[in-house]
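The values are calculated or read from the model by the stated rules, or taken from the named source; none is laboratory data. None of the values given here were measured: they were computed from a predicted structure. Positions of Cβ are backbone-derived with ideal geometry, glycine not excepted, and every protein chain shown enters the neighbour counts. Note: areas computed on protein heavy atoms with side chains; ligands, DNA, RNA excluded. Shrake-Rupley method; radii C 1.70, N 1.55, O 1.52, S 1.80 Å.
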Amino acid sequence: GSDGATGRHGSPPSSAAVWSGVRAGFRTLNFLLPGTSCCPELPVARNFLLPGSSKKPAGVAVFFAWSSHAMAVDSVEISKKINECNQLLKSENPQKALDLSGQIIQSNSSSRDAFLCKGRAEVALSQHKQAIESFKVVGRLSNSGMDKMMASAMLGNAYKANNQLQDAIEQYRMALEAAKTLKNQGLERVSHELIASALFLATKYEEAIAEY
């Protein structure tokens with residue numbers, strides 16, 4: 001008899017029968033490959049298996065290979081734009097760097113480096129409040145201890161430039177703790193100096209001296 005997975009006498013169903021069911025299912029997903037007006041010629045789904053098979057159909061492998069390639073190309077293009085953004089900062093052209101970082105963020109809102117370039121450009125343009133928000137995002141997108149330490153230091157700099165000295169000191173102390181976790185004495189010294197500079201501006205001279 002037939003159980004839905006095989007035809008009469010245990011024989012597998014025809015390819016036409018299999019594709020008929022798959023085609024109907026894909027219509028409900030409104031899934032279209034680029035340049036097509038109907039359904040894909042091969043079933044493409046993350047977990048779709050042909051009856052009696054433990055492997056995904058060729059269409060799945062082709063689709064994910066194409067997706068991986070597209071993502072790799074996008075990653076390369078973003079890296080090029082990030083490098084260009086940093087070069088614009090080095091050449092003292094912060095407005096163009098700000099414009100470019102905004103373009104990158106529009107297409108990739110999770111690019112830590114784009115927000116970092118954006119924040120640095122905003123500091124250079126004395127847009128300190130905007131820089132604070134950019135560096136907050138940098139902190140949220142940071143995973144490694146080194147990245148978190150640098151994010152805290154940059155946010156502290158933006159706070160200090162905006163004359164929010166207590167906030168700056170708090171961020172510098174966070175940078176110091178991160179440096180201690182990394183066991184990096186060089187970064188610890190830098191953090192102490194940053195704390196001292198903010199304390200000095202806050203006229204807390206004795207505390208500032210203790211940090212040096």
Residue pairs qualifying under the 6 Å Cβ cut-off, at least six apart or on distinct chains, with the first in segment 114-130 being touching a residue at least 12 places away in the same chain (Cβ under 8 Å) and the second being part of a loop (DSSP other than H, G, I, E, B), are H128/N162
Look at segment 164-177 and say how many of its residues are more than 10 Å from A153 (Cα to Cα) and not charged (D, E, K, R). 3
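Please list, ordered by residue number, the helices (runs of 4 or more DSSP H) wholly in segment 80-140 having 1 or more residues that are modelled with pLDDT under 95 and open to solvent by 30 Å² or more (accessible area, probe 1.4 Å).
Details: elements: 94-107, 112-124, 128-140.
Once the helices (runs of 4 or more DSSP H) in segment 80-140 are filtered for at least 1 residues that are modelled with pLDDT under 95 and open to solvent by 30 Å² or more (accessible area, probe 1.4 Å), what remains is 94-107.
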Of the residues in segment 159-184, those that are touching a Phe, Trp or Tyr at 6+ places or on another chain (Cβ under 9 Å) and open to solvent by 70 Å² or more (accessible area, probe 1.4 Å) number 2
Can you run down the residue pairs with Cβ atoms below 9 Å, 6 or more apart or on separate chains, where the first is in segment 178-207 and over 18 Å from M154 (Cβ atoms) and the partner is open to solvent by 50 Å² or more (accessible area, probe 1.4 Å) and polar (S, T, N, Q)? A202/Q166
